[in-house]
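Right, one structure below, let's go through it.
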Amino acid sequence: MIHKSLLLAALAISSNQADESQPLPADASIAVLGSRITAPAETLRSPLPVDHALPATALDVLRSLPDVRAASAGGTGGTSFVSIRGAEPNFAQILIDGVRVSNPSSSQGGGFDFAQLDPALIDSIAIIPASRSAVHGADALSGVVSVRLTPGVENGRTGGFAASADSEDGYALTGRIGAELGQGNLLLSASLADTGDLTAGSTMERNQGLVRFAQGVGDWSLSSFALFGQSERRGFPESSGGPELAFNRELETRDTRFLTAGLALAGAEAMTVRPSLRIGYYDDTVEADTPAIFPGVFAPVPALTSDTDFSRLEATGDLRFEVSPYIDLVLGASHQRERANSTGTIDVGILLPTAFDIERDQNSLFAEGQWRPSEAVSLSLAARQDWFDEDDEFTLQGSAEYRLPGTGLIAFAGYAKGFRQPSLFALAFPLTANPDLLPERSVSWSGGLVWQGETARVRFSLFRNAYTDLIDFDPVLFTTVNRSETDIEGASISAQGRIGSTIDWSGSLTWLDFDSETPLRSRPDWFGHARIAWQASEAWRLGASADFNSDVLETSIPTGVIELGGHVAVDLFADWRASDTVSVSLALRNAFDADWQDAVGFPAPGRLFRIRTGIAF
């Protein structure tokens, strides 16, 4: 629950007196998501292809997912806000090709900044919109977001190049080259981008590189990747009131470097006993210089500097047993080490140091089982025991699925307990640290129906998530404490399908009802996405998509808590395949020039024209 600007505002106050539903990839040796056995019916995936309307950042891709609210907390140069079913952004476990990339050393208390991830490197995004702590351990409090990067050599293509530009002087370049190596392949990819004047007073430059290697050796497969990214951002500080309301016109600078790497070794799916080993590494370095926010309805926020490095090393091994044709069992263990080192200052008239250095370990044993007593019924159970430096946690998750014969209808229900260890920032930031914080916890209930027809698929679900022992800042005690509770219940419907042989469509709508002790920012009561694409000819594809949401509560120092209006934004797009190797894509983003704000004083981008040319070889 700790939010950077509100926490800093509280500091200042106290110092002066707060495809959806498509099957998961077969290469699950790296991309474990909701289960190590089979994908649950509640799995949601982004509609394919993910490049419709030419997304500028990964946030544009996330907006197409059911049950996900994705927005920028302060223009292009701001950090991202990604919430599953109304939960806090740091309650979701974020995976890139199976490697967790949540950063618990940040002042937001965790989460991942999707704005720094190049959408050109994304193959698909899938989510489980319910706790998966029994599978992934800590952090999977509200669910899991799994990003799958572009695969290796495909359909004989060994490489390609793409260049895009837009009407606000933004551009992006992406190149890739691959080679088949016996029973495997090697891929090298690189990209760079500049957002130009996409949003007022906010810019981002980004470059990334990806190396992927896969090799089959007899009955074994080896998969590995390394993704490096760097971004430089300039913009008004979050909660400052942005370009419209900020009194201090000095911009925040934020430079980020991250490295994500994974290695997976797994036996063949046909093995009666299938072993697998996965190793993941994540390192994130952020240098930030945040100017003071002058007073308004809320007290001023002092100027800050920070240079923080976070790293995580994890290793997981498991054995999958085919006990019988009707029973599968997985037994495994994992080890994880996290470390954060930070130096910085806070200016309250004198420069106070804010340095900290903290490390923690997590050791785990887990078991997952699935029983299929008949072709119509599937029962799953997962249990996990995690040990930390000074405490331990036990989590449980169960689900049931029933397929009504001859109807294409699946009924599903699930229950899960989740937990999240206090962030390293909450435990160690010297001015507000509280080493006695308890883990935040969740209990999730969900149920619904999935219908699969010949040309369409529809999913409907009801859910209730209860979050307790939430961590917040207490300006009287001048420390972080466990005190808040939030209950969120709601309903979600999503569908996708095909009309004839030329029209593809998809859409989703999520409704939420909140019972919270404190107002929740950037959480609309309802939101959704719709998309339609028409294959007009072998060469041309035309389409439109729309994102929409109801009013939201937001905060800023100049205004305090206010309500921002909802919006409907429509994008138009067209793809022309000039030949087997050359394609051109056009997009008109926010085609009707809708005017809205996701953060106070930060207008969303207006009408924007974007073009991209791609060459494959």
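Residue-by-condition table, conditions (1) buried (at least 24 other Cβ atoms within 10 Å of the Cβ); (2) touching a Cys at 6+ places or on another chain (Cβ under 7 Å); (3) assigned to a loop (DSSP other than H, G, I, E, B); (4) at pLDDT 90 or above:
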site: L6; (1), (2), (3), (4): no, no, no, no
site: I13; (1), (2), (3), (4): no, no, no, no
site: D19; (1), (2), (3), (4): no, no, yes, no
site: P25; (1), (2), (3), (4): no, no, yes, no
site: G34; (1), (2), (3), (4): yes, no, yes, no
(request) Among the candidates R441, R457, single out the residue that is in contact with a Phe, Trp or Tyr (Cβ under 8 Å, 6 or more places away or on another chain), at pLDDT 90 or above and farther than 30 Å from A574 by Cα. (result) R441
(request) Show the residue pairs that are 6+ apart or on different chains and have beta-carbon atoms under 8 Å apart, the first residue being within the range 273-293 and on the phi > 0 side of the Ramachandran plot, the second being surrounded by fewer than 20 Cβ atoms within 10 Å (Cβ to Cβ) and hydroxyl-bearing (S, T, Y). (result) none
(request) Could you identify the single residue in I279, I293, I346, I350 that is surrounded by fewer than 18 Cβ atoms within 10 Å (Cβ to Cβ) and more than 30 Å from R132 (Cβ to Cβ)? (result) I350
(request) Could you name every one of the strands (runs of 3 or more DSSP E) located completely within the range 562-611 that has at least 1 residues being modelled with pLDDT of 95 or more? (result) 567-577, 582-589
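Quick grid of which residues meet (1) exposed (fewer than 15 other Cβ atoms within 10 Å of the Cβ); (2) farther than 26 Å from V481 by Cβ:
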{"site": "A367", "(1), (2)": "no, yes"}
{"site": "S374", "(1), (2)": "yes, yes"}
{"site": "L381", "(1), (2)": "no, yes"}
{"site": "D389", "(1), (2)": "yes, no"}
{"site": "S399", "(1), (2)": "no, yes"}
{"site": "G418", "(1), (2)": "no, no"}
{"site": "A426", "(1), (2)": "no, no"}
{"site": "D436", "(1), (2)": "yes, no"}
{"site": "P439", "(1), (2)": "no, no"}
(request) Return only the number of the condition from (1) modelled with pLDDT under 95; (2) surrounded by fewer than 17 Cβ atoms within 10 Å (Cβ to Cβ); (3) assigned to a strand (DSSP E or B) that D487 does not satisfy. (result) (1)
(request) Could you check A270 against (1) over 24 Å from S106 (Cα atoms); (2) under 28 Å from the mean Cα position of the chain (by Cα) and say which number it fails? (result) (2)
(request) Filter the range 134-161 down to the residues that are at pLDDT below 90 and among the polar types (S, T, N, Q), then identify the one that is surrounded by the fewest Cβ atoms within 10 Å (Cβ to Cβ). (result) N155
(message) Being within 30 Å of E322 (Cα to Cα), touching a Gly at 6+ places or on another chain (Cβ under 8 Å) and not hydroxyl-bearing (S, T, Y) is the filter here; which residues of the range 339-366 pass it?
(response) Q362, L365, F366
(request) Write out, first by first residue and then by second, each pair whose Cβ atoms fall under 9 Å of each other, whose residues are 6+ apart or on separate chains, and whose first residue, in the range 52-68, is modelled with pLDDT under 85 while the second is buried (at least 24 other Cβ atoms within 10 Å of the Cβ) and among the aromatic types (F, W, Y). (result) T57/F114
(request) Kindly list, by first and then second residue, each pair from a residue in the range 456-471 that is within 14 Å of G143 (Cβ to Cβ) to a residue that is buried (at least 23 other Cβ atoms within 10 Å of the Cβ) and of a type in the set (K, R), limited to pairs with Cβ atoms under 9 Å and residues at least 6 apart or on different chains. (result) F463/R85; N465/R85
(message) Just to verify a result, which residue in the range 230-261, among those that are under 30 Å from N185 (Cβ atoms) and touching a Lys or Arg at 6+ places or on another chain (Cβ under 7 Å), is surrounded by the most Cβ atoms within 10 Å (Cβ to Cβ)?
(response) S231
(message) Being within 23 Å of the chain's Cα centre (by Cα) and among the β-branched types (V, I, T) is the filter here; which residues of the range 202-236 pass it?
(response) T203, V211
(message) I need the full set of residues from the range 71-93 which are among the aliphatic types (A, V, I, L, M) and more than 22 Å from E232 (Cβ to Cβ), in order please.
(response) I84, A87, A92
(message) Quick check on my filter: what residues within the range 576-612 are surrounded by 15 or more Cβ atoms within 10 Å (Cβ to Cβ) and of a type in the set (S, T, Y)?
(response) S583, S585
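Listed here are the residues, each with its yes/no results for (1) under 24 Å from the mean Cα position of the chain (by Cα); (2) of a type in the set (A, V, I, L, M, F, W, C).
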site: P300; (1), (2): no, no
site: F310; (1), (2): yes, yes
site: L313; (1), (2): yes, yes
site: V330; (1), (2): no, yes
site: F356; (1), (2): no, yes
site: W371; (1), (2): no, yes
site: W387; (1), (2): no, yes
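The values are calculated or read from the model by the stated rules, or taken from the named source; none is laboratory data. None of the values given here were measured: they were computed from a predicted structure. Ideal geometry is used to build each Cβ from the backbone, glycine not excepted, and the neighbour counts take in all protein chains shown.
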